[in-house]
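Structure first, then comments.
The values are calculated or read from the model by the stated rules, or taken from the named source; none is laboratory data. Predicted, not measured: the structure shown is a model, and the values here were computed from it. Heads up, the Cβs are rebuilt from the backbone with ideal geometry, glycines too, and the neighbour counts pull from every protein chain shown. Ligands, DNA and RNA are excluded from the accessible area calculation, which covers all protein heavy atoms including side chains. Shrake-Rupley method; radii C 1.70, N 1.55, O 1.52, S 1.80 Å.
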Amino acid sequence: CSIGEQKLIAYFGRSYDGAGKAAIWVSRKVGDVWEKPAHVVSGKAACSVARACWNPVFLVLDDTVFLYFKVGRGPSDWAGYFVASRDKGESWSSPEALAGGILGPTRSAPIISGGLIISGSCTELYNWRIHFELSRNGYDWRAATPVPHGDIAGCIQPALLDLGNGCLRALARSNEGCIVTTCSTDYGETWSPLGRLCLPNPNAGIAALSLASDRHVLAYNPSTSRRNPLVLAASSDGENWTDIITLDCGNAEYSYPSLCATNNGIMVSYSVDRVDIACAEIDLSELDFIE
């Protein structure tokens, strides 16, 4: 996330996904310098048992930075938790559990529209299903009306776009070979049946960001089988997209992108072979569709 001139990146780290001591870490960039990574919270601190932490997600609300995360052996038994900071990530509160049945944002940041905070989430217990959660303060959440999945077998990790006037579009990773989508016209209270977009997806995470109601960007892998390359696409409606920048195209796996708005453009971060984190800032002048 971006807070003025300061940037924060959160991640979970250990030797492998699901390792019992996998914890949440945060790196801060102040000016042009990335500070030493700081350990924020462990599964044991959250639930008193050495369980893995997963998928940290930021929400900046007024003077508070929320950091939501999951704890569990794996996605099928996740429980949602959060910590909060009032000093731009220098220190964090003790972990708190989200209310029963609320998992928190799965991978992409919530958006704020019409006085509501809308978060995209999902379950992976038996089938992959997405859902949405709503809040007014970042602490107390409720579930929105379930999304009709229709004939789409499974999708997870929805990313949200704000189209204006209460209209939202969510894009999600799927096992259908393409990105899938659902829309809301009432600030996330109810959602249309899932449909398929003409964008390939190798069952890999995506990131989406609205810069204005008619200016949206998407980071994704334009493939049905490989997490390579990683590109940035632009759209005016969230449905029709044009690739505008290749973010990375070497021999590695480029996955789990994240996007946030900065003072001058956007920041994108992503995993390289699930070992390193790459980060780049892109000026608005480089985004052709805005001109």
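If a/c stays under 1.5 just call it rounded; otherwise compare a/b with b/c (prolate if a/b is bigger, oblate if not). Do that for the range 1-146, with a ≥ b ≥ c from the square roots of the Cα gyration tensor eigenvalues. Don't jump to the answer; show the numbers that get you there.
Numbers: a/c = 1.83, a/b = 1.12, b/c = 1.64.
Taking the square roots of the gyration eigenvalues as a ≥ b ≥ c, the range 1-146 is oblate.
Rounded to the nearest 0.05, what FRET efficiency do residue 36 and residue 263 give with R0 = 22 Å and r taken as the Cβ-Cβ distance? Could you check?
Working: r = 24 Å, r/R0 = 1.11.
Efficiency computed from Cβ-Cβ geometry: 0.35.
Overall shape of the chain was characterised from the C-alpha gyration tensor. The equivalent ellipsoid obtained from it has semi-axes of 25, 23, 20 Å, in decreasing order. Note that the range 224-291 presents 52 Å² accessible area per residue, ligands and nucleic acids not counted, probe 1.4 Å. Note on the range 167-220: the alpha carbon radius of gyration divided by the globular reference 2.2 N^0.38 Å gives 1.14. Accessible surface calculations at 1.4 Å, restricted to protein heavy atoms, place the range 1-62 at 51 Å² per residue. Extents of the range 110-154, largest first, come to 33, 19, 14 Å (Cα atoms, principal axes, whole angstrom).
I need the semi-axes of the equivalent ellipsoid of the range 138-252: take the C-alpha gyration tensor, multiply each eigenvalue by 5, square-root it, list largest first in whole angstrom. Show your work: numbers first, answer last.
On the way: eigenvalues 115, 58, 31 Å².
Here the semi-axes work out to 24, 17, 12 Å.
Stokes-Einstein at 4 °C, 1.567 mPa s, Kirkwood radius from Cα pairs: D for the range 1-70 in µm² s⁻¹?
Working: Rh = 12.8 Å.
D, rounded to a whole number, is 101 µm²/s.
Lysine pairs, Cα distance under 15 Å, 8 or more residues apart or cross-chain: how many in the chain? Mind dumping the intermediate values first?
Working: 7/29; 7/36; 7/88; 21/44; 21/70; 29/88; 44/70.
Lysine pairs meeting both conditions in the chain amount to 7.
Shape class for the range 63-154: oblate, because the ratio a/c of the largest to smallest gyration tensor axis (alpha-carbon atoms, square roots of eigenvalues) is 1.5 or more and b/c is at least a/b. Is the C-alpha gyration tensor of the range 75-121 telling us rounded, prolate or oblate? Criteria: a/c under 1.5 is rounded; beyond that, a/b larger than b/c is prolate, otherwise oblate. Verdict is oblate for the range 75-121.
Based on the Cβ-Cβ distance of residue 96 and residue 249, what FRET efficiency does E = 1/(1 + (r/R0)^6) give at R0 = 30 Å, to the nearest 0.05?
Details: r = 41 Å, r/R0 = 1.38.
Computed FRET efficiency for residue 96 and residue 249: 0.15.
Leaving ligands, DNA and RNA out of it, report the carbon-plus-sulfur percent of the accessible area of the range 63-117 at a 1.4 Å probe. Provide the component values of the computation, followed by the final result.
Working: 1000 of 2140 Å².
Heavy-atom surface of the range 63-117 belonging to carbon and sulfur, 1.4 Å probe: 47 percent.
Our note on the geometry: Cα centres of the range 17-78 and the range 221-278, 22 Å apart. Averaged across orientations, what area in nm² does the convex hull of the alpha carbons in the range 39-105 project? Averaged projected area of the range 39-105's Cα convex hull equals 4.4 nm².
Taking all protein chains as present, what is the carbon and sulfur share of the accessible area of the range 133-291, in % to the nearest whole number, probe 1.4 Å? Write out the running numbers ahead of the final one.
Details: 3010 of 6710 Å².
Whole-percent figure for carbon plus sulfur exposure: 45.
Mean residue ellipticity at 222 nm, helices only, the chain: -500 deg cm²/dmol; runs of at least 4 DSSP H residues each add -39,500 (n - 2.57), and the sum is divided by the number of residues.
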